[in-house]
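For reference, the structure discussed in these notes is given below.
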Amino acid sequence: MIRGQAFTIRTLHDLVLMVVRLRYEKGLNDKARERITDIAQTNGLLDAAGKPTSKYFALIDDEVEKLARELTGHTKQAAGLCACGCGRMVRGRAKTATQACRKRMSRMAA
Ligand SMILES: [Zn+2]
């Protein structure tokens, strides 16, 4: 995935990647934002308010995580950001934001 590239959405996974770009990429124009939000809401990845759903978080995998890190500029050791790459902030010295994140991390490590 190259930053700023024109996008095609064929699978739900493609759509998750687009939602990541929608959330973190600064340069997306309004038309692209509208289109991604629309498709993501249709597919249940964003709620009516444009907030990511549990379905979205469940679909996050290595590739999605990498893209999120690339776009946010957060590295693995970045303080305050969930280690699974979901983009949530963590509290205190926790590495992951939620129980689901921890599960995701252990699945990735396996
Ligand atoms: Zn997480």
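What follows draws every value from the coordinates through simple rules; no lab data is involved. For clarity, every value in this text was computed on a predicted model and none was experimentally measured.
Helix 62-72 sits at what angle to the longest principal axis of the chain, using alpha carbons and giving 0 to 90 degrees rounded to 10? Helix 62-72 and the main axis of the chain meet at about 80 degrees.
For the chain, what does the helix formula give at 222 nm: sum of -39500 (n - 2.57) over DSSP H segments with n ≥ 4, over the residue count, nearest 500 deg cm²/dmol?
Details: 5 runs with 53 residues, N = 110.
Theoretical 222 nm ellipticity from helices: -14500 deg cm²/dmol.
For the chain, the longest principal axis of the alpha carbon atoms and the long axis of helix 30-42 meet at an angle near 70°.
If you build a Gaussian network model of the chain, linking Cα atoms that sit under 10 Å apart, which residue out of Arg23, Arg33, Arg93 swings the most? The residue with the greatest mean-square fluctuation here is Arg93. Taking the chain as a Gaussian network of alpha-carbon nodes connected by springs under 10 Å, the highest mean-square fluctuation of the residues Lys95, Lys26, Lys66 belongs to Lys26. Largest GNM mean-square fluctuation among Val64, Val20, Val90, using the chain with Cα springs under 10 Å: Val90.
In Å, what Kirkwood hydrodynamic radius results for the stretch 1-76 from the alpha-carbon pair distances? Don't jump to the answer; show the numbers that get you there.
Numbers: mean 1/r = 0.0805 Å⁻¹.
Evaluated on the stretch 1-76, it is 12.4 Å.
Candidate cross-link partners of Lys103 among the aspartates and glutamates, defined by an alpha-carbon separation under 13 Å and a same-chain spacing of 8 or more, comprise Asp61.
A straight Cα-to-Cα reach below 30 Å connects Lys31 with the lysines Lys51, Lys55, Lys66, residues fewer than 8 places away in its own chain not being considered. In the chain, the longest principal axis of the Cα atoms and the axis of helix 12-24 are about 80 degrees apart.
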